[in-house]
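The values are calculated or read from the model by the stated rules, or taken from the named source; none is laboratory data. Note that the structure is predicted; figures quoted are calculated from it, not measured. FYI the Cβ positions are ideal-geometry reconstructions off the backbone, even for glycines, and counts take in every protein chain you see.
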Amino acid sequence: MQVKRFFAADMRTAMKLVRDELGADASIIGNRRVAGGVELTAALDYQMPTPPARQPNLALEAELRKTQAQIATAQAELISRAAVDEHKDRQLFANESLVAPELLATPVKASRAQPVAAAKPQLQAAAMDQRALDAMRFELHGLRELIEVQLGSIAWGQLQNRKPQQANLWRRLQRMGLSAELSRVLLERVSKVAEPRQAWRMLLAHLAHAIKTPKVEPMEEGGVIALVGPAGMGKTTTLAKMAARYVLKYGPQSIALVSMDSFRIGAQEQLKTLGRILNVSVTQVDPGQSLIQALAPLARKRVVLIDTAGLPGSDPALRLQLESLASRGVKSKNYLVLAATSQSQVLKAAYHSYKQCGLAGCILSKVDEATSLGEVLGLAIGQHLPVAYLADGPKIPDDLQVPRSHQLVSRAVSLQAAEDPSEEAMADMFAGLYQQPTRRAG
């Protein structure tokens with residue numbers, strides 16, 4: 001049997017190392033938490049080669065017997081010394097009343113020390129119980145991850161054998177960057193279609209139907225429109241495109257710009273420069289100033305565009321900013337600006353940070369720099385956010401489009417990865433589906 005230890009940051013990475021090093025026949029015999037990750041002990045059974053006939057070495061055997069005799073002598077001496085020390089201790093405690101009688105005549109001190117001495121074992125036992133509980137919790141978590149990885153690998157293998165057409169569709173959806181949950185829902189709707197091309201076309205049709213777009217362009221409806229989102233998503237550039245688009249069509253008289261970004265250096269000057277170029281009024285809202293009062297002089301404007309500050313979710317100023325946008329006196333339609341270049345976790349964090357102001361939809365920016373649209377489209381579908389605008393370049397206002405759902409799907413297909421995901425990636429994706437018992441893969 002070959003036994004080897006593997007170190008990794010998490011359980012899935014460790015499992016991949018085991019598969020790469022020992023193969024799929026390896027058995028996991030232990031796991032534990034270590035500094036920086038986990039340690040996995042794996043074993044692989046194999047036939048041991050027959051050892052060659054051993055020639056006796058008389059000199060080595062004689063030296064070995066001499067060493068064993070010395071060890072036995074040393075052990076006997078240690079045992080005898082321990083017995084002598086124990087006898088001395090007994091004599092010392094037996095004569096304790098003669099040596100120190102004042103110790104027995106002080107019951108008050110002994111009673112004070114007794115609770116402290118009794119509390120120490122209790123504290124030690126509680127600490128040991130907590131450590132044991134933490135170790136048990138880690139063991140269960142490790143076993144759960146281990147089972148999920150194994151189930152994911154088994155489920156993916158069974159799907160390839162039983163339903164190769166669906167397995168191919170799974171790969172194509174993963175190349176587009178769609179999440180496992182959304183892919184599962186789409187595949188369930190075409191599970192009865194036998195012809196591969198027709199199944200793919202119907203799947204894309206269902207995907208397009210799931211993407212919501214506004215029937216009327218937000219700028220045409222008018223009112224107060226605020227662009228919200230974290231820093232770096234492209235809010236100010238998108239606002240400039242929207243303002244220029246409106247001015248070119250209707251003129252500068254019925255539109256105004258408002259800036260709530262007093263945190264970023266140069267943000268106010270950037271918006272003032274845009275206002276001078278377009279001949280549009282720009283209002284600055286300082287921290288602590290009421291947004292309702294700032295918008296009161298602009299009541300006659302048909303469209304008011306608000307540029308907000310991109311603040312992290314933990315910043316207290318973000319809560320105040322979102323509360324002012326959500327107030328009834330403002331009546332603003334808030335659109336979350338999402339950069340298509342952002343990772344899935346960043347997009348989810350942005351949504352959860354800004355959803356409290358009430359989102360009317362989203363705007364996809366930096367589409368020209370993106371390598372995939374599946375992540376941002378998956379968030380828009382999952383959170384029921386209509387896609388109001390599509391910003392796909394730096395030109396103002398040319399690179400701002402009013403999207404259609406089938407155009408977004410076509411764009412996502414054109415940006416899909418050239419190569420299929422690896423077998424390990426597909427197995428990990430299926431393992432994620434087992435984190436909730438109600439989900440089924442395939």
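Of note:
- The conditions of being surrounded by fewer than 18 Cβ atoms within 10 Å (Cβ to Cβ), farther than 22 Å from Leu359 by Cα, among the small types (Gly, Ala, Ser) and at pLDDT 90 or above are met by Ser254.
- The range 288-316, residues that are surrounded by fewer than 13 Cβ atoms within 10 Å (Cβ to Cβ), of a type outside the set (S, T, N, Q) and within 30 Å of Gln345 (Cβ to Cβ): Pro312, Gly313, Pro316
- Take the conditions (1) in contact with a Ser or Thr (Cβ under 9 Å, 6 or more places away or on another chain); (2) in contact (Cβ under 8 Å) with a residue 40 or more places away in the chain; (3) in a helix (DSSP H, G or I); Ser153 misses just one of them, which is (1).
- Taken over the range 223-258, the criterion of being among the basic types (Lys, Arg) and touching a residue at least 60 places away in the same chain (Cβ under 8 Å) is satisfied by Lys235, Lys241, Arg245.
One line per residue, one yes/no per condition, for (1) surrounded by fewer than 14 Cβ atoms within 10 Å (Cβ to Cβ); (2) at pLDDT 75 or above; (3) farther than 26 Å from Ala208 by Cα:
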site	(1), (2), (3)
Phe138	no, no, yes
Ser153	no, no, yes
Leu182	no, yes, no
Lys192	yes, yes, no
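- Contact map, the range 355-379: residues that are assigned by TED's automatic domain parsing to the domain that holds Ser342 paired with residues that are of a type in the set (Asp, Glu) and assigned to a loop (DSSP other than H, G, I, E, B), Cβ distance under 7 Å, separation 6+ or inter-chain. Pairs shown: Val367/Asp392; Asp368/Asp392.
- Residues within the range 193-235 that are in a helix (DSSP H, G or I), closer than 28 Å to Arg319 by Cβ and touching a helix residue (DSSP H, G or I) at 6+ places or on another chain (Cβ under 6 Å), tallied: 0
- Matching residues, the range 259-273, being crowded, with 20+ Cβ neighbours inside 10 Å and free of Cβ contacts under 8 Å to residues at least 40 places away in the same chain: Leu271
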